[in-house]
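**Student:** This is the structure I have questions about; it appears just below.
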Amino acid sequence: MDNKNIKVMMAKPGVDGHWRGAMIVSMALRDAGMEVIYLGNQTPQVIVESALQEDVNVIGLSILAAGHMELVTEVVNLLQEKKVKNVLLVVGGTIPREDIPRLKQIGVHEVFPPGSKVEKIIKFIAENAHNS
């Protein structure tokens, strides 16, 4: 899939006010040729409904405050409830390393902790957006 055919929706579930990382990744994905929709802070329900309305290939969640397990689980459950398939789900932010296997077990395709290179994120999305 050509990067210009990849539509990514970035959001910050909950009330996390740390937006810089999400904006840096959003701009890097845009600069790599992907279409990026940045929702900012939203509830899991709004994130999933927006993903459906926008027909995205990728949902990117950025979480720097506590509550990542609950928020991501809610997004995954809503995606399953709405029978959303073929959407790559990636999570970034201050995710404890010990939580990464559990996040992947519930349906997250990849987790990018602090210090992840934007090139690695772009490459992962470009290689997997059409395989999810």
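**Student:** Which value results when the Cα radius of gyration for the chain is divided by 2.2 N^0.38 Å?
**Tutor:** Dividing the Cα radius of gyration by 2.2 N^0.38 Å gives 0.93.
**Student:** A follow-up question, please. Would you list SER26, SER50 from fewest to most Cβ contacts within 10 Å? Let's see the in-between values first.
**Tutor:** Values: SER26 20, SER50 16.
Listed from fewest to most nearby Cβ atoms, that is SER50, SER26.
**Student:** Contact order normalised by length for region 1-103, with contacts defined as Cα pairs under 8 Å and 6 or more residues apart; what percent is it?
**Tutor:** 32
**Student:** Using the Cα centre of the chain as origin and beta-carbon charges of +1 (Lys, Arg) and -1 (Asp, Glu), tell me which of ASN77, ILE106, LEU39 is placed farthest towards the positive end of the dipole.
**Tutor:** The Cα lying farthest towards the positive end belongs to ILE106.
**Student:** While we're looking at this one, here's another question. Mind checking which of VAL46, VAL72, VAL25 has the largest fluctuation in a GNM of the chain, springs on alpha carbons under 10 Å?
**Tutor:** VAL46
All of the numbers you see were taken from the coordinates with simple rules; none came from a lab. The model shown is predicted, which means the values in this text are computed figures rather than measured ones. For neighbour counting, all protein chains shown are included, and Cβ atoms are generated from backbone atoms with ideal geometry for every residue, glycine included.
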